[in-house]
Amino acid sequence: MQQQSAQLRWEQHTQRPLFALALAFAVAYAVPIVRPDASRSLEDLCTAVEWVVWGAFALDYLVRLALCEDRLLFVRTHWLDLGAVLLPMLQPMRLLRLVSTLLLVGQRARMASQIRLTTYIGGSVVGLLMFGSLAVLSVERDAPGGNIHTLGDAVWWSFTTMTTVGYGDHAPTTGLGRMLAVGLMLSGIALLGVVTANIAAWFISRFEKDDLEEQRQTEAIRELTEEVRALRDELAALKGTSVK
């Protein structure tokens, strides 16, 4: 119980710093893509920030593993965290580091009980839009025959792809860019499904509350009717006794 409490305390104390580090990671990832003419020193700084943030998430996983009571169960139930931590070590690419960091942030977000589903969906939409735009821009900007050359083109392409509209005015031409498009389309469909289900669940809960309120009012009216009937019976009995 003490080990579990220590793990929970660690997660509560590190949740906000890790989210701040994740935000710093996103900025460090975006700067070299948005500013391709950035100096070498700035690119090295951004790369260092990315690795420092990944190291912080890796350290967080190791500490949580050390604090838990059943380490084998922790590894089995947190396999996504482990895969996200090991991903940059298997192939140290910036795109993979971005994916792994987003996975780890998503895992920590789901642990936070105060984050509502709607907020999580909104954050997922913004994160996917940012991730898709930056990733496709970094892949397609210098591709021969590509037509995604600016951040505006990339954001527009990501938005139309996530919503499955697909105007076709901008499209990836490389294999990796098309893989990103497939992932973005599937993610967009999933998010739209979650949004639809969330709205439907909200309406259903409202109807259920209205039904419960109507049942309570009906029950209150029935009890009041029975009390009035009982009072009438008592009054009639008292009148009959007084007449006698």
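The values are calculated or read from the model by the stated rules, or taken from the named source; none is laboratory data. All figures in this text were calculated on a predicted structure; none of them were measured in a lab. Reconstructed Cβ throughout: ideal geometry from the backbone, glycine too, with neighbour counts over all protein chains shown.
Taking into account only those residues within the range 159-174 that are surrounded by 10 or more Cβ atoms within 10 Å (Cβ to Cβ) and out of contact with any Gly (no Cβ under 8 Å at 6 or more places or on another chain), which is nearest to Val126 (Cα to Cα)?
Initial filter on the range 159-174 (surrounded by 10 or more Cβ atoms within 10 Å (Cβ to Cβ)): 159-167, 169-174.
When the remaining residues are screened for being out of contact with any Gly (no Cβ under 8 Å at 6 or more places or on another chain), the result is 159, 165-167, 169-171.
Numbers: Phe159: 10, Val165: 18, Gly166: 18, Tyr167: 21, Asp169: 22, His170: 20, Ala171: 20 Å.
Ranking the qualifying residues of the range 159-174, first place goes to Phe159.
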task: Under 7 Å between Cβ atoms, at least 6 apart or on separate chains: pull out the pairs that start in the range 32-59 with a residue that is within 19 Å of Leu151 (Cβ to Cβ) and part of a helix (DSSP H, G or I) and end on any residue that is among the polar types (S, T, N, Q) and modelled with pLDDT under 85.
output: Ile33/Ser138
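Quick check on Gly240: is it of a type in the set (Gly, Ala, Ser), outside any loop (DSSP other than H, G, I, E, B) and more than 30 Å from Leu134 (Cα to Cα)?
Details: of a type in the set (Gly, Ala, Ser): yes; outside any loop (DSSP other than H, G, I, E, B): yes; more than 30 Å from Leu134 (Cα to Cα): yes.
So Gly240 passes the test.
Residues in the range 185-244 that are in contact (Cβ under 8 Å) with a residue 12 or more places away in the chain and of a type in the set (S, T, N, Q): how many? Don't jump to the end; show me each part of the working.
Going residue by residue through the range 185-244, those that are in contact (Cβ under 8 Å) with a residue 12 or more places away in the chain are 185, 187-189, 191-192, 194-195, 198.
From the residues that got through so far, the ones that are of a type in the set (S, T, N, Q) too are 187, 198.
Residues flagged as in contact (Cβ under 8 Å) with a residue 12 or more places away in the chain and of a type in the set (S, T, N, Q) within the range 185-244 amount to 2.
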message: I'd like the full set of residues that are within 24 Å of Leu86 (Cβ to Cβ) and modelled with pLDDT of 85 or more, limited to the range 30-50.
response: Cys46, Thr47, Ala48, Val49
